[in-house]
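Q: Take a look at the following structure, please.
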Amino acid sequence: MKELVFYEDFDVDEVSESINDVMSKWSIHFLDINGPNWIIYDYEMEVKCIFQFRVDFYDLESRIKLEDLKLNVIHHIESLRDETTYRDNLTNSVFFD
């Protein structure tokens, strides 16, 4: 399992490319966007990669960057036209405590 950590200064395009590269692999099935933790699973639901964002969810700029990133990744997943899917729980109120 690979784990990558990003902070407020992350580059949306670079991280999008990294996530899209992982999501394009044939063995990957599911991206669980759960606030700061974006977890990628294979078909057996084993964790293959974790992208962890250590950002302040109260910071508007950070949230905008995460939303942009999410849209980039979702667009890529939908373009794959296979069984790869995602769950979006980016802005759950739990992450605003």
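Q: Distance between Cα centroids, the range 45-77 to the range 1-37: provide it in whole Å.
A: Cα centroid to Cα centroid, the span is 7 Å.
Q: In the chain, what percentage of the DSSP-assigned beta bridges are antiparallel, given to the nearest 5?
A: Of the beta bridges lying entirely in the chain, close to 50 percent run antiparallel.
Q: On a 0 to 90 degree scale, rounded to 10, what angle separates helix 60-80 from the longest Cα axis of the chain?
A: Helix 60-80 sits at roughly 10 degrees to that axis.
Q: Between D9 and D88, what is the FRET efficiency for a Förster distance of 22 Å, r being their Cβ-Cβ separation, to the nearest 0.05?
A: Given R0 = 22 Å and the Cβ-Cβ separation, E is 0.40.
Q: Expressed as an acute angle from 0 to 90° and rounded to the nearest 10, what is the orientation of the C-alpha long axis of helix 12-23 relative to the principal long axis of the chain?
A: So the inclination is approximately 30 degrees.
Q: Run the quick spin-label model on I50 and M1: label points 7 Å from Cα toward the beta carbon, then report their separation in nm to one decimal.
A: Between I50 and M1, the label points sit 0.5 nm apart.
Throughout, read-outs are computed from the coordinates displayed, never taken from laboratory work. Model, not experiment: these values are computed from the prediction. Here Cβ is always computed from backbone atoms with ideal geometry, including for glycine, and neighbour counts include all displayed protein chains.
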